[in-house]
Every structure is written in C-alpha cells, then in structure tokens.
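These notes concern the structure reproduced below.
The values are calculated or read from the model by the stated rules, or taken from the named source; none is laboratory data. Keep in mind the model is a prediction, meaning the values are calculated, not measured. Neighbour counts are summed over all protein chains in view; Cβ atoms, including those assigned to glycine, are modelled from backbone coordinates with ideal geometry.
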C-alpha cells in the first residue's frame, strides 16, 4: 500500500473544496477529450486508467507497487503520452487552485470579515491600535525600502506560450464564475477553454536548446506588464495616503517604499556567460521597458483627456505646457490637455531615441527642438502640472485614474525600471586585483600578502582617483571580462541614473579585504571617486555571508570593516546605510535545515548589535529560494520571525524560479504577495513581534544554540561523513539529468568536481524534491530535538511554549511540517532502488527513513498535532487535490532513469525524463 498521508482531511475540509474539485473535473474532462480526439481511444484509456489508479493509491484502495508495475511495462512512446497528460493535469489543477483561492478570499470579504494578516488593511488596523508616536515611526521608517529582487534560478520550467495559455484559461474560468451564461454562451466558453487546452497539448513543454541569459532577461521583464506596472505604483500611493492619516506631517512614504530589483544579467558568480555586453543588454532592456511603458500610457492619456477650454477652465501652467505642444492650425486648439500631453510625449520620444538610437512605436516628435528629459524628475514635473490643473477644477476623479498611476510609476521605476545587482565571488576579485596591482607596479604578488597588508594596500588605493590600468594594459581573459562588466555598469549609471546599478554583492565574503577589493574595482570603473581624500560611491558594497562559519563571524567582519576609515567614509556617504546579504541556500547545504536557520538568526542579532554600536542603518538582503530548504516559505511569517531590530523599514529578498509566477503572474496575485512583504516589514519595524518575554530570551537562545549544534552534527553524519553518500545522492536522484533540462543559463556546479560543496543549491534541492525526500527541509531536526529533550519534561514544555509564542520557532517548525507533508518515502524508496549497491542503498536510505520517522514523532510531541498541516488549510487542500497527479510522474521518472542509465539510447527516452521533471516541478510549485 502507499505511504499514509501525514495530514488529516475531514468531511468539512472536503466540502469547502467541492468548487475546487468541480473546476478540476471540468478542466480535466476537457483535457481528456483533447487526448481522446487527438491521440485515440487507446492512449486515452492508458491515461484514464492511470488517473483512476493514482487516486486509488491516495485513498489506499490501490496497491502502489502494482500500480507502478503497470507503468513500468509501458513503451517509451506510451510513457510520453502519460507523462504529458499528467503534466497538463497538474498545470490545470494549478489554475483551479488559484481560482479557488480567489473564491475563498471573496467569500470572506462578502461575509464582512476583517482583512487577514498579511494585508495592508490589517497592518493599518494594527498600527492605528498601537498608538505609535509619529516621530518614532518616522525614525524607524527613514529610508524605508522593500525590494523583491527577481532572479533567474532555473526551477521555472514553463515557457511564455504556456503562461499565455494559462492566462486565457483562467480568464475564461473567471467568466464562468462571475456571469450567468445561457446555453449558447456556456457552450462558447467551454469551446474557448478547450481551444486553449488543445493549444497547450500541442505545445512542446520543454525547449530544444538551452536558454540564454538574454532569454532570461526578457522573461524577467514579463512581470512588469503582467502586474508590476499596475500594482507597485498603487501600493506606494496607498502607503503614502495611509501614513498621512496615521502620522500626519511626518513625511513618511514621500519616497516610494516598494521598488523592483533584479539579478538577471548582473549575477556572474559561477556563470561565465555574463559579460559586459550582457550587463548592457540587461540595463538597456529594463530602461526600454520602463520608458516604452510611459510612452504607451501617454498615448492613451492623450486620447482620453479630451476636455475643452470651452467646457472647463485650466491652469496657466497647463496652458503654457500646451502651447509648446501646439501646431499651427491644430484641430485641438481648444483641447489643452491633449496638447500638453503631446509635448510631454514628444520630449519622452526624444529621450527614448537618445537612449536607444531608435524610435519607439508610440513616439511623437512634434518639434525637432523638443529637448530630451535629463531625469525622470523632469518628466514627473510636467505630469504634475497636468495633475494640478485637473485638481484645480475639481476633476480629481480623472486625476486619480490613469494619470495618477503613471505619475506613481515614474516615481517608482524612473528611467531604470529596476536596480540591477552586480554579484561576483571574492576569489575572482582577488585574482583581478592581483593582476591590476602587478600591472600598475603597486605590488608584484598581492595574493601572497596577509590580511593586514592587503587592507593597508587597498586603503591607500582608495585615497586617490588614479586609475590602475591604462589604455595599453593587457590582462588575462578573466580580468578583462571583469573590467568590461564594471565598465558596462558605469555606463548604465551614467545613462539611466544611479539606481540602475545600486548594489554590488560579494559572494563568499570572508574578510575586510574582500570588501575593499570591490571598492577598488568600482573605482577603476569610475563608480567610486575620491573627493577631498574621502571615497564616495553610488553603489552599495554588499558582503554576502553564506556558510555557517561565515555567518558566525559576519558581525566581526563588519565591525572590522567599519573600523577602516576609508570604508566607513563609503558607508557615511550612503547616509549611514550598510546592506548585508544572508545566504540561506549554502548555509542549509552546509549544515542542514535547523542549524542554518539558527545561524542566520544569530548572525542577524550580532549584526544588529554592530549597527547600533556604530550608529549606522542596517539593511538585510535575504537570499531566499522557492523551497523551505533554500529559505522559502510564506514571506509574511518569515519576515515577522526575524530577530528584534533586524527589520527597520528596509528589506530586500530574492524571488526565484517558479515562485515568481506563483506570486506575480497577474495583478491580484501580485497585490496579495507584495502587500505581504510590505505589511510584515512595517509590523516588524513598528510593533513588538518578538513573542518572548525579556526573562525568556537568554534561555531560548541557549536552547537553540544547543539544538542547532546537535542538528548540524546529525546532518553532517549523513551528508558529510557517510561513506558513499555522494554516490547514493547522484544515483538515487535525477541530479545528473537536471543540467540537461534547458531551463537556465547557469551551470549546475560552480566547479567541475563531484563535491557536494561545489554543487549549486538549486540542483541539490531540486533533486531531493523530485524524488520526494525533501531532505534539505527537515533532515537532522528530529535527532536534534530528541537528543536535546531526552527524558526531560521541562525541556519539552519549554519547546512547546516556543512553538506557541516565539515567531522564529513557530515558523521553523511550521515550514518544516509543510515540507514533510510533501515528502513521500514510499516513492523515495523507488528512487533508492536505482542504487545498485544494496548495502549502500539500505545504509543511506535507512538513515533517511529513520530520521524522517523521528522528525515526525518530535513534531507531534512539540505541537501536540499529528496533522502536519493543521495550521495551513490552504496547503492541505492543495496537497490533497494535487498529489495524485504526481504519482504516475514519479513512477515513470524512476523507470525512464533506469532505462537511460542502462544504456537505452532512444532520444525519446531522454525527452521523457525531462518531461517528468517539468511535470513534477509544475505540480510541486516550489521544487527548487
């Protein structure tokens, strides 16, 4: 029989999901019709039999082993049909689930319930009830900034065509929900849904060629038209209005709080495909998208603002602006708003052509002498004239519509659209600086110097504007490439503004010299200048602390850097702002789930202390992935779980892989998820969310120190100290085949080795997700908790208290439970059979199986629940309805891997393996 579900579904749960199941049945039925009509009755019978049996396995009415045997006997071509069908079933189930979530939210609103936690309405209610002093609020929210940073990590397997088809299906399903359709309308609606399902069925789900970085850049820009252009400006405008009401006269929110960031095209750590040309492309396409959007909006405004001076007066400033846009004999002489907007569009058209040496489709040049806008503030000033004129005549309703959104968009996105982060590892910086210093005669062997000597040498370089390399300089290919990249970044800053490239992240940062090396490279590019002997830089230097050891010494490294006058001058020049990036992925791969989470928490506490002692503003940048093993999980709860003082109005975090589509594919989704980020940031900054009493803190931290150490030891015993573990991992998971799935430009390993340390966190996590072990999200926790508690009831009660009151512990335990609810060791055992060495297989999988059971037992002991999803009804619904579609995909992936590794060279076999990865990633929704 199958492994039992680790959560409990009741009749009430099932009744609440009946509309969801109705939608799944409708969509699944239409898919079945498409399969029958285009592949024939025999194939339809195979798919339908697999579907019925898969649901029987979930209900424990069908033996999993016998079900797997029926799939094992399929030929490759038939297996491909089944894989494609279940991949599409999963994709359509996602649509139904998203619609059901909307339906549930709408029902709560209709019932008059209060806005839920994670919404800005709920946060405003809490802030109003807290009676916070306005001066204190202004102090804590000075420079407030919330930035989701879109990254190109390759767990998003869907193509743009698939997204578009999903969007059409979702719109048609909403039409069925909102409207009462007559018989003909209903038939046409179903025909249209079936049409898009047919389009999906006949569209290749995987690419034939590997995706390029420029493909990733273009794909990352899709979210702006999809949602960000509408949603981010609206949230920023709403924040400003709310702050004016809550804290009048304090000026909070005058600058947009919510902005956009990206790593796509600037992150070259381990990605040799990033070049100066790629940086240029990324920044240019971003600006092109922003300015193009403004031109489109201006064209629409010009059409709609048809008010005549014969019907409505206008301001003198508006008339003056209109005069510039008027032509002799203009038929619109009495329509000054149209004339004014024509002038604005003409200037912006010239700006577009100056930036990109080509005209935009919505360009308008009425006057060859129309000057380009030098800054987005100049554009905003002209739009403000239009806005003020409308308001002066009581036309606020018009001013608050499209024009307001455009004005706020210019404030939010400027001419740069997003801030492109640069990232490179410290080893590359060291080698580059060594070459530069040798060429310039500063030092022949920089790499041989100790830390103090390096700091002294680097500091001296930051005292003058002297370049190290002249026009005749000749360097290695790597150094030439690094210099070309920073030169491209400098060009973007000069062209599109300082916010085009606002941050430089240093991977594997371990020392002060790592930070100063970056400063010297920025100076060489002209991004850092020396004024009166003090260095000034437009770019934030951001050390990234990734391993547990680096996290443990992060505060010491920061304190030492701030003690260097040249570096302190750089921080002071940024109004005392120092950003630190915290790496979740590598710390987890290094020490396991519990140890990594606690190392991050401890590092934040230490960094906050350094910031307070040095009187600087600390902004933390969280490198979160989609899965819990890479820092994922619900964003609202995760932010509230940060230690006191770690969130002071500012937060940046990466958004990766398939999580981006799940959060930002359309305005409703984007609004809910962006509000969650802002809400949690405000509450963490202004409210007491620690949860522990003052006299509990020391004991809690001591307990977690001990538990984390035990968890790291248990994790290390398996991953780092078990003979043959790497072989087991490579054989029992599809890690070797993941690199062949054409979904990302980045290599799967930093170096060509077999070391777990050199493997990127994404294939590490994705591999364990696909084989349903989910190891990075829980392993080691059960052993640590069991050993720490022992037979001591007081210790057990202590942890039970933390699970009830301490947001950090609550979140760690809840996220772990969510991961374990998605694990299935029955399926994992099938993957383990791919390991031919029976002794190795049993030894490693036995440890995994025992720790899984131990962790489940400890979860029940501490929370009092044997239902892993007792506190997450939405995920429970999702898992219950979705997971039967994973069953055939997992069985077939194992079978096709077995054939492929045995030497079967049928090209369709490899395609089938890649399709199972695609389908499982779609169904899991956060696979990496």
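With the condition kept exactly as written, say whether any residue in region 44-58 is more than 20 Å from residue 920 (Cα to Cα) and in a helix (DSSP H, G or I). Quick ask: steps written out before the conclusion?
Step one: filter region 44-58 for residues more than 20 Å from residue 920 (Cα to Cα), giving 44-45.
Next cut, in a helix (DSSP H, G or I) only: 44-45.
The answer is yes; a qualifying residue exists.
Going through 428, 432, 393 one at a time, which residue ends up being out of contact with any strand residue (DSSP E or B) (no Cβ under 8 Å at 6 or more places or on another chain) and assigned by TED's automatic domain parsing to the domain that holds residue 313? So that I can check it myself, show each step before the final result.
Working: 428 fails: assigned by TED's automatic domain parsing to the domain that holds residue 313; 432 fails: assigned by TED's automatic domain parsing to the domain that holds residue 313.
Only one candidate qualifies: 393.
Exactly one condition in (1) crowded, with 24+ Cβ neighbours inside 10 Å; (2) at pLDDT 95 or above; (3) farther than 23 Å from residue 765 by Cα is not met by residue 605; state its number.
Failed condition: (1).
I'd like the full set of residues that are surrounded by 19 or more Cβ atoms within 10 Å (Cβ to Cβ) and outside any loop (DSSP other than H, G, I, E, B), limited to region 456-489. Give the steps one after another, and end with the answer.
So in region 456-489, the residues surrounded by 19 or more Cβ atoms within 10 Å (Cβ to Cβ) come out as 458-459, 461-462, 468, 479, 482-483, 485-486, 488-489.
Hits for region 456-489 are 458, 459, 461, 479, 482, 483, 485, 486, 488, 489.
Where in region 520-624 are there helices (runs of 4 or more DSSP H), lying fully within it, with 1 or more residues that are within 22 Å of the chain's Cα centre (by Cα)? Walk me through it before giving the result.
On the way: elements: 548-552, 554-562, 565-573, 585-591, 593-614.
Filter on region 520-624 gives 548-552, 585-591, 593-614.
Out of all the residues in region 662-691, which are within 14 Å of the chain's Cα centre (by Cα) and closer than 16 Å to residue 624 by Cβ?
662, 663, 664, 673, 674, 676, 677, listed by residue number.
Picking from 119, 145, which residue would you name as being under 16 Å from residue 648 (Cα atoms), surrounded by 15 or more Cβ atoms within 10 Å (Cβ to Cβ), modelled with pLDDT of 90 or more and under 20 Å from the mean Cα position of the chain (by Cα)? Can you show your working first?
Working: 119 fails: under 16 Å from residue 648 (Cα atoms).
Of 119, 145, the one residue that is under 16 Å from residue 648 (Cα atoms), surrounded by 15 or more Cβ atoms within 10 Å (Cβ to Cβ), modelled with pLDDT of 90 or more and under 20 Å from the mean Cα position of the chain (by Cα) is 145.
Would you confirm whether or not region 443-451 contains a residue that is more than 29 Å from residue 583 (Cα to Cα) and surrounded by 14 or more Cβ atoms within 10 Å (Cβ to Cβ)?
First, the residues of region 443-451 that are more than 29 Å from residue 583 (Cα to Cα): 443-445.
Within this subset, residues satisfying the condition of being surrounded by 14 or more Cβ atoms within 10 Å (Cβ to Cβ) are 443.
Among the residues of region 443-451, at least one is more than 29 Å from residue 583 (Cα to Cα) and surrounded by 14 or more Cβ atoms within 10 Å (Cβ to Cβ), which makes the answer yes.
Restricting the search to region 858-896, which residues are within 24 Å of residue 593 (Cα to Cα), touching a helix residue (DSSP H, G or I) at 6+ places or on another chain (Cβ under 7 Å) and modelled with pLDDT of 95 or more?
858, 859, 861, 862, 863
Does residue 801 meet the test of being surrounded by fewer than 24 Cβ atoms within 10 Å (Cβ to Cβ), closer than 26 Å to residue 694 by Cα and either at pLDDT 95 or above or in contact with a helix residue (DSSP H, G or I) (Cβ under 6 Å, 6 or more places away or on another chain) (or both)? First the steps, then the outcome.
Numbers: surrounded by fewer than 24 Cβ atoms within 10 Å (Cβ to Cβ): yes; closer than 26 Å to residue 694 by Cα: yes; either at pLDDT 95 or above or in contact with a helix residue (DSSP H, G or I) (Cβ under 6 Å, 6 or more places away or on another chain) (or both): yes.
In short, yes.
Go through (1) over 28 Å from the mean Cα position of the chain (by Cα); (2) under 30 Å from residue 241 (Cβ atoms); (3) buried (at least 19 other Cβ atoms within 10 Å of the Cβ) and name the single condition residue 130 misses.
(3)
Please tell me if residue 453 is more than 30 Å from residue 383 (Cβ to Cβ), at pLDDT 95 or above, part of a helix (DSSP H, G or I) and within 38 Å of the chain's Cα centre (by Cα). Steps first, please.
Values: more than 30 Å from residue 383 (Cβ to Cβ): yes; at pLDDT 95 or above: yes; part of a helix (DSSP H, G or I): yes; within 38 Å of the chain's Cα centre (by Cα): no.
No; evaluated as a whole, the condition is false for this residue.
Please indicate, with yes or no, whether at least one residue in region 106-118 is assigned to a loop (DSSP other than H, G, I, E, B) and under 25 Å from residue 890 (Cβ atoms). Spell out how you get there, then give the answer.
Residues of region 106-118 assigned to a loop (DSSP other than H, G, I, E, B): 111-118.
Adding the requirement that they be under 25 Å from residue 890 (Cβ atoms) leaves none.
Checked against the condition, which is being assigned to a loop (DSSP other than H, G, I, E, B) and under 25 Å from residue 890 (Cβ atoms), region 106-118 yields no hits at all.
Wholly within region 164-270, which helices (runs of 4 or more DSSP H) include no fewer than the required count, namely at least 3 residues that are under 24 Å from residue 409 (Cα atoms) and without any contact (Cβ under 8 Å) to a residue 24 or more places away in the chain? Explain how you work it out, then say what you get.
Numbers: elements: 183-201, 213-220, 229-246.
Fully inside region 164-270 and qualifying: 229-246.
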